[in-house]
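One structure is given below, encoded as structure tokens.
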Amino acid sequence: ACVVGSWVWCANAGDSRALLCRDGQAVQLSMDHKPDRSDEMERIAAAGGFVSFRRVLGRLAVSRAFGDEEYKLMPEQSASKPLVICDPEIRVARLMPQDEFLFLACDGLFDVFSSQEAVDFIRARLASMAVNEQDPHRAVQDIVHEAIHERRSRDNVTALLVTFKRAVQPQR
């Protein structure tokens, strides 16, 4: 994701997710590229592959990615096109005065948090801090810790938080 002036540009190829917190609501800026997503499954089948156990050829749990070249150039398969592609889906959103933050995280976090749960968690952490001392780094540390140690994510967990000028106000 890239913030330019009053616009946020999000290009995604993979199973990480970008969220915008708009007035407390999660606005998803990217779609996870999972093989069992209907449009991805159709694309994979049209290229000569299949999805089994929610994985490309029963093995890879992502349908778009950089790397994973063994799923792109497959002379031993009857694939006519790459099964895993690196073409990103791009979304552009205009930032509004009620936008509080941009949150990006990998699937290890979103395996154990819904988009709205993640936004609610971060808002609660930021709101618990004094308005002039809100620390995005600490909020991210807390949600990553929660995902790994409390909710027991079984995958790697990486997250990034970009706060905008408007502070998250304490809940009343």
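General remarks:
- Scan of the stretch 55-70 for residues that are of a type in the set (Lys, Arg) and farther than 12 Å from Pro82 by Cα, ordered by number: Arg55, Arg59
- Residues in the stretch 48-76 that are at pLDDT below 90, closer than 23 Å to Ala11 by Cβ and outside any loop (DSSP other than H, G, I, E, B): 2 in all.
- Lone unmet requirement of (1) in a helix (DSSP H, G or I); (2) modelled with pLDDT of 95 or more for Ala93: (1)
- As for the stretch 144-156, it holds no residue that is buried (at least 20 other Cβ atoms within 10 Å of the Cβ), assigned to a helix (DSSP H, G or I), out of contact with any helix residue (DSSP H, G or I) (no Cβ under 7 Å at 6 or more places or on another chain) and not aromatic (Phe, Trp, Tyr).
- The one condition from (1) closer than 30 Å to His137 by Cβ; (2) of a type outside the set (A, V, I, L, M, F, W, C); (3) under 19 Å from the mean Cα position of the chain (by Cα) that Asp87 does not meet is (1).
- Qualifying residue in the stretch 90-101 (condition: touching a residue at least 40 places away in the same chain (Cβ under 8 Å), under 26 Å from Met41 (Cβ atoms) and exposed (fewer than 15 other Cβ atoms within 10 Å of the Cβ)): yes
The values are calculated or read from the model by the stated rules, or taken from the named source; none is laboratory data. Not measured: the values here are computed from a predicted model. Note that we place each Cβ from the backbone using ideal geometry, even for glycine, and neighbour counts take in every protein chain shown.
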